[in-house]
Amino acid sequence: MADTPRRRIDVAEAAALIRGRLRGWGTVRVPIDAAQGEILRQAVTAERDQPPFDRVTMDGIAIRHSAFAAGTLTFQMAGTQGAGSAPLPLQDETSCVAIMTGAALPPGADTVVPVERITREGQTARIEPGYVPVAGQFIHRRASDHPLGATLLSSGTLLGPPELAILTVGGSATVEVARRPAITVISTGDELVDVGAALGPTQIRSSNGWAITAALASRGFLDCERVHLPDDPAVLKRELGQLLAEQDVLILTGGVSMGEFDYVPRVLQDLGMELVFHKVLQRPGMPLWFGISPDGKPVFALPGNPVSSLVCLVRYVAPALVAALGATTRPEPVVRLGQDVRFEPDLTYFLPVRLDYTVDGTCLAVPKPTNTSGDFVALSGTDGFVELPRGILEFPVGYSARFFAW
Ligand code: AMP
Ligand code: MG
């Protein structure tokens, strides 16, 4: 424990310490109908050329362009060919095949004339006078998108709607993705009462767990368990010890400040946890605590104030968990302040904002400061928060700041 940072660290250092200590939870093979929102942990390569044949892209007739160039306008129908059927060869220079979008180009044909540009009479098709087809038009050439074996998706890709479609041309109905950790979100505090249960006059609704599990679920960490524990060191020690044995990640809220009933840091250290840091130069969320269990499991203890706990979850915990899955991440977007902001303490300031888009495409962050870090109702209608660095007193309108979405 000699090298444990006891000093208050800044935001970037806290984020880096967390990222440096999360290890990931392996991989799992899932059917593609369970892959949406997961992080791909293999490369996906093309099972065939794409398109796998010269593909017709218009309903019409397939002709040989040299016949048109030699003056032929009327073609004899050799048959009709839909998508998925075997190609019907052209019989001679002046024959054509009625062809549908998605069909393979008939042997001998090299050009498609759209159905809107022809008139049909029985077994003949006549090209509209004055219409000049370009040789090779309306044909999507074999392998022009990619050849067999091309890398379509790389490891680390988040599997969204386009990627699910792309998986199908990899040819496998199952895929290797990051295994999600088992996470328990633990609210601590004797005053907390679950929604639906009767409230005494000095009790309050337990809300943090709901915001945290919602933020986690929107990043693909579904099914996180919510637990409530009292401010009782013996109970905390017993229950947290049990949860540490069963779960991969613990996220606590409350009980990490300087109050007489703030037992969480002491109990975690009694359980043999390595303290990585406690307290970050930020508002809200100064008392943030992060440690690692003897068997390497991360434990986050967030301040109990509802705004603080959600800000810390979104700023530190969620991005670190996503990165630990092996996800290819991009930096958070940068937005411009929509108003002047003054902030005196020498702390990084996480300021809730609503995003507004100007007609010229600028994204403005309109500040929606909360009354206190307990005032979570003020977050309604906000999109997230901006990070305003320490050491600056005045942030003018137009100031560029990193934005974190709830
Ligand atoms: P603490 O960090 O335990 O000192 O809590 C700080 C403030 O946040 C207190 O007013 C608590 O009642 C409140 N608080 C703590 N946990 C929760 C929770 N899960 N839901 C709502 N408020 C909470
Ligand atoms: Mg408390």
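Count, please, the residues in the range 376-391 that happen to be in contact (Cβ under 8 Å) with a residue 24 or more places away in the chain and open to solvent by 40 Å² or more (accessible area, probe 1.4 Å). Going through the range 376-391 one residue at a time, the tally reaches 6. Applying a threshold of 8 Å to beta carbon distances and a minimum spacing of six or more residues, or different chains, the list of pairs starting in the range 189-212 at a residue that is under 24 Å from VAL314 (Cα atoms) and ending at one that is acidic (Asp, Glu) and outside any helix (DSSP H, G or I) reads GLY189/ASP231; ILE204/GLU191; ARG205/ASP194; SER206/ASP194. Kindly check whether there is at least one residue in the range 230-245 that is within 11 Å of ligand 1 (Cβ to nearest atom) and touching a Leu at 6+ places or on another chain (Cβ under 7 Å). Checked against the condition, which is being within 11 Å of ligand 1 (Cβ to nearest atom) and touching a Leu at 6+ places or on another chain (Cβ under 7 Å), the range 230-245 yields no hits at all. In this structure, is PRO306 in contact (Cβ under 8 Å) with a residue 60 or more places away in the chain, within 16 Å of ligand 2 (Cβ to nearest atom) and within 18 Å of TRP406 (Cα to Cα)? Here the answer is yes, as PRO306 does meet what is asked. If you go through the range 177-236 and keep only what is open to solvent by 20 Å² or more (accessible area, probe 1.4 Å), hydroxyl-bearing (Ser, Thr, Tyr) and more than 30 Å from GLN42 (Cα to Cα), you end up with THR202, SER207. The number of residues in the range 275-298 being within 16 Å of ligand 1 (Cβ to nearest atom) and within 21 Å of ALA324 (Cα to Cα) comes to 3. Suppose we filter PRO284, PRO294, PRO298 for residues that are in contact (Cβ under 8 Å) with a residue 40 or more places away in the chain and either in contact with a Lys or Arg (Cβ under 8 Å, 6 or more places away or on another chain) or open to solvent by 20 Å² or more (accessible area, probe 1.4 Å) (or both); which single one remains? Only one candidate qualifies: PRO298. Of all residues in the range 126-137, those that are at pLDDT 95 or above have Cβ atoms under 8 Å from Cβ atoms of residues that are aromatic (Phe, Trp, Tyr) and surrounded by 12 or more Cβ atoms within 10 Å (Cβ to Cβ), 6 or more apart or on another chain, in ARG126/PHE75; ILE127/PHE68; ILE127/PHE75; PRO133/PHE68.
Checked against the criterion of being touching a helix residue (DSSP H, G or I) at 6+ places or on another chain (Cβ under 6 Å), within 30 Å of VAL322 (Cα to Cα) and open to solvent by less than 70 Å² (accessible area, probe 1.4 Å), the candidates LEU164, LEU152 yield just one match: LEU152.
Contact map, the range 347-372: first residue surrounded by 12 or more Cβ atoms within 10 Å (Cβ to Cβ) and of a type in the set (Ser, Thr, Tyr), second residue modelled with pLDDT of 95 or more and assigned to a loop (DSSP other than H, G, I, E, B), Cβ cut-off under 6 Å, separation 6 or more or different chains; pairs are THR348/PRO389; THR348/ARG390; TYR349/PHE343. Scan the range 131-149 for residues that are out of contact with any Ser or Thr (no Cβ under 8 Å at 6 or more places or on another chain), open to solvent by 80 Å² or more (accessible area, probe 1.4 Å) and of a type outside the set (Asp, Glu) and the total you get is 4.
For the criterion of being farther than 28 Å from ASN371 by Cβ, more than 14 Å from ligand 1 (Cβ to nearest atom) and crowded, with 19+ Cβ neighbours inside 10 Å, GLY272 fails.
Whenever a residue of the range 239-260 is over 21 Å from ALA182 (Cβ atoms) and open to solvent by less than 10 Å² (accessible area, probe 1.4 Å), its partners that are of a type in the set (Val, Ile, Thr) and within 15 Å of ligand 2 (Cβ to nearest atom), lying with C-beta atoms within less than 9 angstrom and at least six residues away or across chains, give the pairs GLY254/ILE186; GLY254/THR188; GLY254/VAL264; VAL256/THR188; VAL256/VAL264. Taking (1) within 15 Å of ligand 2 (Cβ to nearest atom); (2) under 19 Å from LEU321 (Cα atoms); (3) of a type outside the set (S, T, N, Q) in turn, ASP262 satisfies each apart from (2).
The values are calculated or read from the model by the stated rules, or taken from the named source; none is laboratory data. Since the structure is predicted, the reported quantities are computational estimates derived from the model, not experimental observations. Positions of Cβ are generated from backbone atoms using ideal geometry, with glycine treated the same way; all protein chains shown enter the neighbour counts. Accessible surface is based on the protein model in full, side chains and every heavy atom, while ligands, DNA and RNA are left aside. Shrake-Rupley method; radii C 1.70, N 1.55, O 1.52, S 1.80 Å.
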